[in-house]
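*Asks:* Got a structure for you, written out below as structure tokens; questions coming shortly.
A short reminder: the numbers here are calculations on the coordinates, not readings from a lab. Computed from a predicted model, the values in this text were never measured in an experiment. Heads up, the Cβs are rebuilt from the backbone with ideal geometry, glycines too, and the neighbour counts pull from every protein chain shown.
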Amino acid sequence: MEQADRPTGAGGRLAGDPIRLSEGLDAAVAALRAGDLVILPTETVYGLAADAGRAEAVARIFEAKGRPRFNPLIAHVADTGAAEAIAVFDDAARALAAAFWPGPLTIVAPVRPGDRVCDLARAGLDSVAVRVPGHPVARALLQAFGGPVVAPSANRSGRPSPTTFADAMEETGSSAAAALDGGPCDVGVESTVVSVLDGRVTLLRPGAVTRDQIEALVGPLAESDHGHRSPGRLTLHYAPDAPVRIDAETAGEGEILLGFGPGSGDPRWNLSPSGDPREAAAKLFRLLREADREHPVGIAVAPVPMAGLGEAINDRLRRAAGFVG
Ligand code: AMP
Ligand code: MG
């Protein structure tokens, strides 16, 4: 790649130049506001960051990582007040936040209605994962940006998480419009993830904050039941109530057809009239939910080509259609 079109450390400067963090932050904030991606250091690993409120920007993350699935992402915020603006915390969640934030603990809690985190970032769920990172560069960016930022690890899918600026740049730097160099990551493994839902605290992913540290604060943890799909229990993906039928050309009696591409069904229900997988990814969970709310006999979905984000879209649809557990 030419030096000139390579994203540079601290936004706009080539490696080796003196870096003033304020300039880098301005470039990174501008990139987030424009719906572009930013390489972001955190104390756990380097993240590939986007405005959590912009589904098309979030779709770009999945595209850049080459992720074959839409996992729910962590919304990073500047402080506990900003976290409670997007998530509903009970006493246990507040105690965890007070003890471990800023730091490598992610709390999954019910999403506050009308919050700024888009459906795609939450994989359509009613819960949202939030974290206040401790890294000074991450905190400075979140303060300057003033809204939630999703930032999964900056590696390409299936590769190890980057813990240095150089590794992050090598993995997904070419997809980012700005990049912040925060030095090597202190923690080096992903954050601990706990859910605090229906009065129960559950460990979803072990990490730097240990089970013992959490249990000392909130008592014994509930057994993780993720993967199960019984109603009211924690699920990692939104599943519509209506049966989903994939690779459908037309709607059957009482079905809603989610179209793809020009002239595919009712434009209101088209995932992307122009046939753009990024737009389809951005609208997927919202349209599934909206269709479900109409209580149709079923939701039929037009074929979506496998190229690019098509693989992740098809994975999600196959799960919704019950072909994968
Ligand atoms: P990453 O951003 O790749 O470090 O990973 C995010 C982690 O948080 C994954 O393990 C997700 O499954 C988990 N996660 C994010 N949002 C939710 C949610 N709403 N419910 C359950 N788990 C979540
Ligand atoms: Mg990762």
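*Asks:* Return the FRET efficiency for the residue pair Arg159, Asp266: r is the Cβ-Cβ distance, R0 is 35 Å, and the value is rounded to the nearest 0.05.
*Replies:* After rounding, the FRET efficiency stands at 0.30.
*Asks:* Could you state the per residue volume, in Å³, of the convex hull enclosing the Cα atoms of the chain?
*Replies:* With only Cα atoms used, the chain gives 128 Å³ per residue.
*Asks:* Quick one: compute the contact order of the chain, relative version, from alpha carbon pairs under 8 angstrom and 6+ residues apart, as a percent.
*Replies:* Result for the chain is 21 percent.
*Asks:* Rg (Å, one decimal) plus Dmax (Å, integer) for the alpha carbons of the range 75-166?
*Replies:* Cα only, the range 75-166: 13.4, 41 Å (Rg, Dmax).
*Asks:* Under the rule that an exposed site lies in a DSSP loop and has at most 11 other Cβ atoms within 10 Å, name the longest stretch of the chain with no GluC sites (Glu not before Pro) of that kind, not counting the sites themselves.
*Replies:* After excluding every exposed loop site, the longest remaining stretch is 3-222.
*Asks:* Once the range 140-291 is represented by equal point scatterers at the alpha-carbon sites, with solvent omitted, what log10 I(q)/I(0) does the Debye formula produce at q = 0.19 Å⁻¹?
*Replies:* Values, matching the q order: -1.18.
*Asks:* Based on the alpha-carbon set only, what is the convex hull volume of the range 68-116 divided per residue, in Å³?
*Replies:* With only Cα atoms used, the range 68-116 gives 94 Å³ per residue.
*Asks:* A follow-up question, please. Per-residue ellipticity at 222 nm for the chain, helices alone: DSSP H runs ≥ 4 residues times -39500 (n - 2.57), over residue total, nearest 500 deg cm²/dmol?
*Replies:* Helix-only estimate at 222 nm: -8500 deg cm²/dmol.
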